[in-house]
1. Between VAL95, VAL13, VAL43, VAL77, which is open to solvent by 20 Å² or more (accessible area, probe 1.4 Å) and either of a type in the set (Lys, Arg) or at pLDDT 95 or above (or both)?
2. Just give me the residues in the stretch 20-40 being in contact with an Asp or Glu (Cβ under 8 Å, 6 or more places away or on another chain) and open to solvent by less than 50 Å² (accessible area, probe 1.4 Å), in sequence order.
3. Residues being part of a loop (DSSP other than H, G, I, E, B) and either touching a residue at least 40 places away in the same chain (Cβ under 8 Å) or open to solvent by 20 Å² or more (accessible area, probe 1.4 Å) (or both): count how many of those fall in the stretch 174-224.
4. In this structure, does ASP266 turn out to be part of a helix (DSSP H, G or I), of a type in the set (Asp, Glu) and within 16 Å of the chain's Cα centre (by Cα)?
5. If GLY68 satisfies every condition in (1) open to solvent by 20 Å² or more (accessible area, probe 1.4 Å); (2) at negative phi but one, which is the exception?
6. Name the strands (runs of 3 or more DSSP E) wholly inside the stretch 1-65 in which the number of residues that are within 21 Å of the chain's Cα centre (by Cα) is 1 or more.
Amino acid sequence: MKNIDILAIGDTVVDAFIRLNDAEVLKNSKGEDMLAVRYGDKVPFESVEVCNAVGNSANAAVSASKLGLNSALLSYVGGDQNGKDCLAELQKKGVNTDYIRIDGDKKTNYHYVLWYKMDRTILIKHEEFNYSLDEVESPKWIYLSSLGENSLPFHMEIVDFLEKNPEVKLSFQPGTFQIKLGKDVLEKIYKNTEIFFCNVEEAQHILNESTRDLPTLLKAFANLGPKIVIITDGFAGAYGYNTRENKMFFMPVYPHTPIERTGAGDAFASTIVSALALGESLETAMTWAPLNSMSVVQQVGAQKGLLTMEQIRDYLAKAPESYKIQQI
């Protein structure tokens, strides 16, 4: 086995993208956007596209591999055809699958993505796998993201591994369940995190804060332990805080028109971790990341648009003058 640069840990899923035109977006009593279709009727859909071996961590492993790193994925699939298809897809994309565990009694995670206009609503269901770290080769980085609701003991296993192997750096991009748990339950994860990623709305939820002031949110997460904090704000750009240098940065998006936004956050976060693993500065990493996000959202699914290093350099060479990182 080659030395692993990035070991991604998290659930692997199959995404079925169902393209809707006969729908609308309404506001509920809380002011939240709700996807609406006619109740009790037959609603036509335009198309369906199935994407194997996706999910936050799988996307990150594929992204890192495409950028030239040795990536591996620790995840679980069922003993069904979907599991076999996921395994084959990862291998085809250069991801080390030695840590993929196959549970013959379970089904592979399968999600339905309701795609309307530029955005999507995902119907999710995580199977309850018996998560265990077991024996793993120490990578340079662990990239931890979405896991099922029974995974809290597994998080503590990861904490133990990190404390015994302090040379291993942790990137934490929380998924649905980890966000729901909040900061207190995962206190030790946050304390052992090198770099943390979320978007503004997730930050407000985790911290139980109403403010959208980015410097305030960045500092609040830094107080939990991460050495670097990255918070994205959609088309408004991304913000980073390097606590070691006490520097904050803002990075605008690369001009583009998305067709479907799945995987933008995964592409952004994984590109930054890959750049750091390659020895680049945070400033350089934050300059690369929006390019991968921009490319991903112009394809269906989270992996089709992922860029190679050569493609990133090409985009940088023709970037507009406004595409520059700023210290704030």
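The values are calculated or read from the model by the stated rules, or taken from the named source; none is laboratory data. All of these numbers come straight from a predicted model, not from anything done at the bench. Note that we place each Cβ from the backbone using ideal geometry, even for glycine, and neighbour counts take in every protein chain shown. Areas reflect the complete protein model, heavy atoms only, side chains present, ligands, DNA and RNA absent. Shrake-Rupley method; radii C 1.70, N 1.55, O 1.52, S 1.80 Å.
1. It is VAL43.
2. Hits for the stretch 20-40 are LEU20, ALA36.
3. 11
4. The answer is yes for ASP266.
5. Of the numbered conditions (1) open to solvent by 20 Å² or more (accessible area, probe 1.4 Å); (2) at negative phi, the odd one out for GLY68 is (2).
6. Hits in the stretch 1-65: 6-9, 13-20, 47-54.
Yes or no, residue by residue, for (1) of a type in the set (A, V, I, L, M, F, W, C); (2) under 20 Å from ASN292 (Cα atoms):
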residue	(1), (2)
VAL200	yes, yes
ALA203	yes, no
THR211	no, no
LEU214	yes, no
PHE221	yes, no
PRO226	no, no
GLY234	no, yes
ARG244	no, no
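Yes/no per residue for (1) touching a strand residue (DSSP E or B) at 6+ places or on another chain (Cβ under 8 Å); (2) modelled with pLDDT under 95:
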site: ASN246; (1), (2): no, no
site: THR262; (1), (2): yes, yes
site: SER270; (1), (2): yes, no
site: ASN292; (1), (2): no, no
